[in-house]
Ligand code: AMP
Ligand code: MG
């Protein structure tokens, strides 16, 4: 009997040891930055409260609708001292603007407003209204010096980069806590930390832009951002014409480059986010001219053709046209 008891205690202790030593899957969904954010972490420590704080902090910094956010203060003056992350996010945005010749422009706010994307009262503005709004869009007016940002009276909308920037921040918090495996989706912005707990790459689905509840296939990746800009994210139809939220800053109209989605795969969530918007505006051929080596792209055209740069491992039963890296 005594022997049996000892065995039982040994069994219970071993089970407890195994349970404590195992990484648990923790999953939480947040609503912030006007979108649903889902985070899965495989680790012993529960760091969701810290992540929740980060999400709240960055929403407060970047949301132009909140009176005391950094972006709101910038939009009410010509210069302001901001949080170092806001300065860094704007610097990254400006570098993508320069790379893309202004296809990505963080000063797009007046045009977004005139289409009603700001207050969600969607409408087609008059030509003169668009011309007027477009005049105010110019990333060259904006400069960053340390934590001081000068706007030159331009109005900032960080919607094309904020979620990607936040994914980098959350990923570095996860890595700092020595957690090796996590995956998050912040709206269309996916970020994978490490590999899956079983040592395999993550399988990240690429949405079918014609039917965003299903996917055209998946990519096999680790330690990277996978960010998609697609017309399905925000759009409206008026008089039978489809209008979406990715604006060509040079025309003031929704970008019309023959694409319905662009996915960018690279190590930085912020760059992937801004680049996916820029590539959407530029279209396939112009994007390929400026694509950097560490960036992979999947383009899906209006007529459902798929193009992928040569290093993308896209698993799909559809035909994929390969784009070679030599420019
Ligand atoms: P995304 O879904 O990342 O492509 O970003 C689209 C969001 O970025 C829009 O909802 C706007 O807030 C903003 N945006 C739209 N067009 C542009 C543009 N050409 N450059 C920068 N931001 C843009
Ligand atoms: Mg973007």
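For this structure, a couple of remarks:
- Some residue of the range 199-206 being surrounded by fewer than 15 Cβ atoms within 10 Å (Cβ to Cβ) and at positive phi: yes
- Flag for residue 38 being closer than 24 Å to residue 274 by Cα, in contact (Cβ under 8 Å) with a residue 12 or more places away in the chain, assigned to a helix (DSSP H, G or I) and out of contact with any helix residue (DSSP H, G or I) (no Cβ under 9 Å at 6 or more places or on another chain): no
- For beta carbons closer than 8 Å, sequence separation of 6+ or different chains, a first residue in the range 248-261 that is at positive phi and in contact (Cβ under 8 Å) with a residue 24 or more places away in the chain and a second that is surrounded by fewer than 16 Cβ atoms within 10 Å (Cβ to Cβ) and outside any loop (DSSP other than H, G, I, E, B), the qualifying pairs are 252/131.
- Every residue from the range 143-162 that is within 19 Å of residue 99 (Cα to Cα) and either in a helix (DSSP H, G or I) or in contact with a strand residue (DSSP E or B) (Cβ under 7 Å, 6 or more places away or on another chain) (or both): 143, 158, 159, 160, 162
- Selection over the range 103-112 of residues that are in a helix (DSSP H, G or I) and either in contact with a strand residue (DSSP E or B) (Cβ under 6 Å, 6 or more places away or on another chain) or crowded, with 23+ Cβ neighbours inside 10 Å (or both) gives a count of 2.
- Counting only strands (runs of 3 or more DSSP E) wholly contained in the range 163-227, the ones carrying 1 or more residues that are within 15 Å of the chain's Cα centre (by Cα) and free of Cβ contacts under 8 Å to residues at least 60 places away in the same chain occupy 189-193, 202-208.
- Taken over the range 232-249, the residue count meeting the criterion of being within 16 Å of ligand 2 (Cβ to nearest atom) and modelled with pLDDT under 95 is 6.
- For residue 300: the one exception among (1) within 16 Å of ligand 2 (Cβ to nearest atom); (2) within 21 Å of residue 217 (Cα to Cα); (3) touching a helix residue (DSSP H, G or I) at 6+ places or on another chain (Cβ under 8 Å): (3)
- Lone qualifier among 252, 258 - being surrounded by 19 or more Cβ atoms within 10 Å (Cβ to Cβ) and more than 16 Å from ligand 2 (Cβ to nearest atom): 252
- Of all the residues in the range 280-299, those that are within 14 Å of ligand 1 (Cβ to nearest atom) and in a loop (DSSP other than H, G, I, E, B) number 1.
- Just one of the listed residues (229, 260, 268) is modelled with pLDDT of 95 or more and near ligand 1 (Cβ under 10 Å from one of its atoms), and it is 229.
- Qualifying residue in the range 77-86 (condition: in a loop (DSSP other than H, G, I, E, B), touching a strand residue (DSSP E or B) at 6+ places or on another chain (Cβ under 8 Å) and either within 16 Å of ligand 1 (Cβ to nearest atom) or over 20 Å from residue 280 (Cα atoms) (or both)): yes
- Some residue of the range 113-131 being within 30 Å of residue 292 (Cα to Cα), part of a helix (DSSP H, G or I) and at pLDDT 95 or above: no
- Filter pass, residue 166 being within 16 Å of ligand 2 (Cβ to nearest atom) and more than 23 Å from residue 72 (Cα to Cα): no
- Residues that are surrounded by 15 or more Cβ atoms within 10 Å (Cβ to Cβ) and more than 19 Å from the chain's Cα centre (by Cα), drawn from the range 309-327: 309, 314, 316, 320, 323
- Residue satisfying condition, being touching a helix residue (DSSP H, G or I) at 6+ places or on another chain (Cβ under 6 Å) and either free of Cβ contacts under 8 Å to residues at least 24 places away in the same chain or surrounded by 22 or more Cβ atoms within 10 Å (Cβ to Cβ) (or both), within set 90, 71: 71
The values are calculated or read from the model by the stated rules, or taken from the named source; none is laboratory data. Because the structure is a prediction, the values reported are computed rather than measured. Virtual Cβ from ideal backbone geometry, glycine too; neighbours counted across all protein chains shown.
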